[in-house]
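Here's the structure we're looking at; comments come further down.
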Amino acid sequence: MGVHKSRFSKLLRSSEAWSRLALRVPLYRYQLDIAEHVRSIAQQRGASVTVVEMPRQSGKNEVSAHIETILLASFSRSGGAMVKAAPTWTPQIVNSKMRLEARMMTLSERLKWVTWKGKEGYIIICGKAMIQFLSAKPNSSIVGATASILMEIDEAQDVSPDKWNKELSPMRASTGAPVVFWGTSWTDTTLLEQQKQAIEDGSAKGRYFRITPE
């Protein structure tokens with residue numbers, strides 16, 4: 001059974017209801033806290049930095065896909081773009097894109113008026129909104145994209161700070177879109193750790209989530 005269109009606007013304001021009713025994949029409480037925070041700042045178009053540190057196999061990619069679906073649906077009429085980058089195209093970007101496609105298929109089955117399509121092998125479009133998946137390898141050519149809704153840096157501990165500063169960060173410079181750095185703790189010199197420290201010392205506005213194995 002699908003979701004009635006009259007409930008659509010309410011679903012867009014709740015990550016919990018969205019995950020449970022629209023996607024039929026309820027998130028755990030710790031995942032919902034992250035999803036709700038990112039959903040809120042992105043829908044309000046608030047510039048902010050979010051750092052999410054999660055251990056392996058704790059559902060990071062699932063949370064990310066849920067956020068992407070709700071934002072694609074939210075901005076399908078008004079328009080906008082998201083950018084998601086990861087250190088490698090295969091398997092990281094490929095896995096992220098496949099998970100989002102699976103959730104979008106479920107979404108279009110439940111919400112018949114939400115339609116989507118793939119384009120060029122690295123773009124997913126929903127109405128006037130889209131997300132581009134890009135490789136953050138040091139030698140990749142990715143200039144030209146713009147993030148107006150949200151930017152995501154997956155496995156940020158493996159993305160070069162130089163790549164971030166020169167090519168990725170400028171993609172949100174003109175829009176002030178919020179950015180999420182996803183990853184696993186590693187060393188003090190990683191991009192993930194640098195962004196976490198910026199939040200903690202007050203030089204960047206944002207929030208830091210740390211999920212422990214326990």
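The values are calculated or read from the model by the stated rules, or taken from the named source; none is laboratory data. Only a predicted model underlies this, so the values are computations on that prediction, with no experimental measurement involved. Positions of Cβ are generated from backbone atoms using ideal geometry, with glycine treated the same way; all protein chains shown enter the neighbour counts. Accessible surface is based on the protein model in full, side chains and every heavy atom, while ligands, DNA and RNA are left aside. Shrake-Rupley method; radii C 1.70, N 1.55, O 1.52, S 1.80 Å.
Out of the residues in segment 82-97 that are open to solvent by 10 Å² or more (accessible area, probe 1.4 Å) and within 14 Å of the chain's Cα centre (by Cα), state the one that is nearest to Leu11 (Cα to Cα).
Lys97
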*Which one is farthest from Pro161 (Cα to Cα), of the residues in segment 195-214 that are in contact with a Phe, Trp or Tyr (Cβ under 9 Å, 6 or more places away or on another chain) and not charged (D, E, K, R)?*
Ile211
*Of Met98, Met105, which residue is in a helix (DSSP H, G or I), out of contact with any His (no Cβ under 9 Å at 6 or more places or on another chain) and farther than 25 Å from Phe181 by Cβ?*
Met105
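Within segment 116-124, does at least one residue satisfy the condition of being among the charged types (D, E, K, R), assigned to a strand (DSSP E or B) and either open to solvent by 30 Å² or more (accessible area, probe 1.4 Å) or modelled with pLDDT under 95 (or both)?
So far as segment 116-124 goes, yes, one or more of its residues are among the charged types (D, E, K, R), assigned to a strand (DSSP E or B) and either open to solvent by 30 Å² or more (accessible area, probe 1.4 Å) or modelled with pLDDT under 95 (or both).
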*Starting from segment 48-63, keep only residues that are in a helix (DSSP H, G or I), then list their pairs with residues that are open to solvent by less than 10 Å² (accessible area, probe 1.4 Å) and aromatic (Phe, Trp, Tyr) whose Cβ atoms are within a distance under 8 Å, requiring at least 6 positions of separation or different chains.*
Lys60/Trp182
*Being under 27 Å from Glu53 (Cβ atoms) and either among the small types (Gly, Ala, Ser) or open to solvent by less than 60 Å² (accessible area, probe 1.4 Å) (or both) is the filter here, so list the residues in segment 8-31 that pass it.*
Ser14, Ser15, Ala17, Trp18, Ser19, Leu23, Val25, Leu27, Gln31
*Which one of Lys196, Lys205 is surrounded by fewer than 16 Cβ atoms within 10 Å (Cβ to Cβ) and either in contact with a helix residue (DSSP H, G or I) (Cβ under 7 Å, 6 or more places away or on another chain) or basic (Lys, Arg) (or both)?*
Lys205
*asked:* For segment 134-162, give me each residue that is touching a Lys or Arg at 6+ places or on another chain (Cβ under 9 Å), open to solvent by 10 Å² or more (accessible area, probe 1.4 Å) and not in a loop (DSSP other than H, G, I, E, B).
replied: Leu134
*Evaluate segment 143-159: report whether one residue or more is without any contact (Cβ under 8 Å) to a residue 12 or more places away in the chain and of a type in the set (Ser, Thr, Tyr).*
no
_Checking the condition assigned to a helix (DSSP H, G or I), β-branched (Val, Ile, Thr) and surrounded by fewer than 23 Cβ atoms within 10 Å (Cβ to Cβ), which residue from Ile70, Ile41, Ile34 passes?_
Ile41
*Taking Gln57 as meeting all but one of (1) within 22 Å of Glu16 (Cα to Cα); (2) surrounded by fewer than 16 Cβ atoms within 10 Å (Cβ to Cβ); (3) in contact with a Gly (Cβ under 9 Å, 6 or more places away or on another chain), write down the number of the exception.*
(3)
*Pairs where the first residue, in segment 189-214, is in contact (Cβ under 8 Å) with a residue 40 or more places away in the chain and assigned to a loop (DSSP other than H, G, I, E, B) and the second is surrounded by 16 or more Cβ atoms within 10 Å (Cβ to Cβ) and polar (S, T, N, Q), C-beta under 9 Å, 6+ apart*: Ala204/Ser48; Ala204/Gln195; Lys205/Ser48; Ile211/Gln31; Ile211/Ser58; Pro213/Ser58
